[in-house]
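Report on the structure given below.
The values are calculated or read from the model by the stated rules, or taken from the named source; none is laboratory data. Small disclaimer: the values here were computed from a predicted structure and weren't measured. All Cβ positions, glycine included, derive from the backbone under ideal geometry; neighbour counts span all protein chains shown. The protein model used for the area step is the full one, side chains on, heavy atoms only, and it has no ligands, DNA or RNA in it. Shrake-Rupley method; radii C 1.70, N 1.55, O 1.52, S 1.80 Å.
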Amino acid sequence: MILKVPASIVNFFREFVPSGVKYAPDHIRRALPAMVAGVVLTTSRRRSMTAIGGTVHAARRDKATVSRLLTRRDFRSRDIHWEVVLRVLKKLAPTVKRGKRDWLLALDGTATKRGAETKIKGAIQSEKAIATRKKRKAGAPRTRSDGKSKKNGRKTKYHTFLLASLTTHTGTRIPLPRHTCDPKDYKRVGKPKSRRDTQLDLGKILIRRVLEIKPEGVRLVVVADSYFECAKLYAFAKQNPEDLVLITPTDSDRCFANETTPSKSNGERIREHGLSLSGNDFCRLDLRRGSEKTVRYRRYSARKPTSKDRRTYRLRHEARTVAGLGTVGIVYSWKTPVYEPRRNHRGKSFKILFCSDPTWSAERIVEWYECRWTAIEILIRELKQQLGFADHTGQNLDALERHIDVVLLSFLYLEMERARLLEEPGERPAATARAAASRTYGMQEVVRQEASRELIETMKQSRHSERKRRLLNSFFEHLTGTHDTGVASAYP
């Protein structure tokens, strides 16, 4: 527990979070800084509503109060997030006289898994788990003939969300507002029942929104996994060639097409064609940790690179017509090392990448696609492990979504605090040095140190302030579970 909300969180809300009752009532807006502090500074394993509401002593709220805040319909958390993103983009807009700056936009879907008996509306349970449950009711045995237990499939319910991270040319990561993939049997208020947006539809909506609000002089390089390799997104990228480049891997079933009939497959599989190419047709690319051209978009730790950090690629690039996608740039690549799951420098893996701009070189495409792992995969892991992305325990889907929005706002605060420390290195040199290579956990430690310094400053001020002494006495009494500790008077 901390005494009060750190000043950096208060300043973040004053600068970026919109005021007024347009997106939330006054009592919710006043509670948001404490909720963000609870998400960032909670040291327990789970960010439960009790932990979030009880982290800040000066603004304590019980579990029921936090639950009511998250279920309020007039709490438009995602709209608040979009407004904050707009203000952040204006502040981080590059000053470009000639040419354009490239910003990295990484997309991926993630699921929040819950117990199989969870009664949260809209939760999905796999068909395999449903079939297993029916067999159990029918009296089917739980063990095989050899005595070993059967695998019963997934026992959890889950919701799927589309997340995106926008990384600027200075390395600041901006988490964009989440989009919920509504299940088929769920009716959202204010939305036609017949309309069900897939992740691909939501990805297109998200990219279009970012194109509308991005600063002048910025080009988006969108990277995603093979799930997002579809005609819908590639057609949209080709409609905006100056502002958008899309890079994705492809699956093994994709085929070439003739130039006269680009929407019809000619039966030649791209993967089989790539595997049949001679080794003399490939060029070599060596990438070393910290020396890539895209290093500013990666958040490396402060350790020195070693010989094991080198990645070797054998590349072949060509521009050809792909069925359903039209003419795209194709990169056939062999990579060493591989992870199975340990690093193996003797093995190699084969992957095919598509790029909506056929003029991009193979080296450039591979470097940008490599950034996807740190830009979105590690980000999602940090959201779940460090900030409690999947820790909501209520039974209301709207509350779950607002909980996720608060988590994303907390992550955005940490990134903006890091950017501020790097811009003002003389204010806190030790914190600035640590923030240079810090990700989520490192920035949480920086904010915890700030909260500790503010507590010490309050103790010093309590010598001359009755109000400060009462606040400190109440704080220490709560920590120790007593009524009169005398700590505040002993340590002014």
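For this structure, a couple of remarks:
- Residues (among the small types (Gly, Ala, Ser) and either surrounded by 12 or more Cβ atoms within 10 Å (Cβ to Cβ) or assigned to a helix (DSSP H, G or I) (or both)) located in the range 260-289: 265, 274, 279
- Test result for residue 73, under 17 Å from residue 387 (Cβ atoms), touching a residue at least 60 places away in the same chain (Cβ under 8 Å) and either in contact with a Lys or Arg (Cβ under 6 Å, 6 or more places away or on another chain) or open to solvent by 10 Å² or more (accessible area, probe 1.4 Å) (or both): no
- Test: residue in the range 294-314 that is part of a strand (DSSP E or B), in contact with a Phe, Trp or Tyr (Cβ under 6 Å, 6 or more places away or on another chain) and under 24 Å from residue 268 (Cβ atoms): yes
- Restricting the range 338-366 to residues that are within 18 Å of residue 307 (Cβ to Cβ) and in a loop (DSSP other than H, G, I, E, B), the residue that is farthest from the chain's Cα centre (by Cα): 346
- Hey, residue 20 out of contact with any strand residue (DSSP E or B) (no Cβ under 8 Å at 6 or more places or on another chain), within 30 Å of residue 242 (Cβ to Cβ) and either among the aliphatic types (A, V, I, L, M) or not in a helix (DSSP H, G or I) (or both) or not: no
- Condition met for residue 30 (outside any helix (DSSP H, G or I) and within 22 Å of residue 403 (Cβ to Cβ)): no
- Top-ranked residue of the range 210-247 - restricted to ones that are of a type in the set (Lys, Arg) and surrounded by 15 or more Cβ atoms within 10 Å (Cβ to Cβ), ranked as nearest to residue 324 (Cα to Cα): 238
- Residue check for residue 88: part of a helix (DSSP H, G or I), among the hydrophobic types (A, V, I, L, M, F, W, C), open to solvent by less than 20 Å² (accessible area, probe 1.4 Å) and over 30 Å from residue 479 (Cβ atoms): yes
- Residue in the range 243-259 that is outside any helix (DSSP H, G or I) and free of Cβ contacts under 8 Å to residues at least 24 places away in the same chain present: yes
- Scanning the range 366-395 for residues that are open to solvent by 20 Å² or more (accessible area, probe 1.4 Å) and of a type in the set (Val, Ile, Thr) yields 374, 378, 393.
- Residue check, residue 25 more than 21 Å from the chain's Cα centre (by Cα) and open to solvent by less than 30 Å² (accessible area, probe 1.4 Å): yes
- Residue count, the range 347-359 (criterion: aromatic (Phe, Trp, Tyr) and crowded, with 21+ Cβ neighbours inside 10 Å): 1
- Taken as a whole, the condition of being at pLDDT 90 or above, more than 21 Å from the chain's Cα centre (by Cα) and under 26 Å from residue 439 (Cα atoms) applies to residue 101.
- Long-range neighbours under 8 Å by Cβ, at least six apart or interchain, first residue open to solvent by 70 Å² or more (accessible area, probe 1.4 Å) within the range 46-68, second hydroxyl-bearing (Ser, Thr, Tyr): 62/50; 63/48; 63/50
- Any hit, the range 188-197, residues being out of contact with any strand residue (DSSP E or B) (no Cβ under 9 Å at 6 or more places or on another chain) and in a helix (DSSP H, G or I): no
- Long-range neighbours under 8 Å by Cβ, at least six apart or interchain, first residue without any contact (Cβ under 8 Å) to a residue 60 or more places away in the chain and open to solvent by 70 Å² or more (accessible area, probe 1.4 Å) within the range 301-330, second part of a strand (DSSP E or B) and not basic (Lys, Arg): 310/286; 310/287; 314/283; 314/285; 314/333; 314/334
- The range 272-309, subset of a type in the set (D, E, K, R) and more than 34 Å from the chain's Cα centre (by Cα), residue farthest from residue 377 (Cα to Cα): 281
- Filter result (under 19 Å from the mean Cα position of the chain (by Cα) and not in a helix (DSSP H, G or I)) within the range 199-242: 214, 220, 221, 222, 223, 224, 225
- In the set (1) exposed (fewer than 12 other Cβ atoms within 10 Å of the Cβ); (2) in contact with a helix residue (DSSP H, G or I) (Cβ under 9 Å, 6 or more places away or on another chain), the condition left unmet by residue 294 is number (1).
- Leading residue by the ranking (modelled with the highest pLDDT) among those in the range 414-454 that are of a type in the set (A, V, I, L, M) and open to solvent by 40 Å² or more (accessible area, probe 1.4 Å): 422
- Residues of the range 254-272 that are in contact with a strand residue (DSSP E or B) (Cβ under 8 Å, 6 or more places away or on another chain) and over 13 Å from residue 325 (Cβ atoms): 258, 266, 267, 268, 269, 271.
- Check on residue 140, open to solvent by less than 50 Å² (accessible area, probe 1.4 Å), in a loop (DSSP other than H, G, I, E, B), of a type outside the set (Val, Ile, Thr) and modelled with pLDDT under 70: yes
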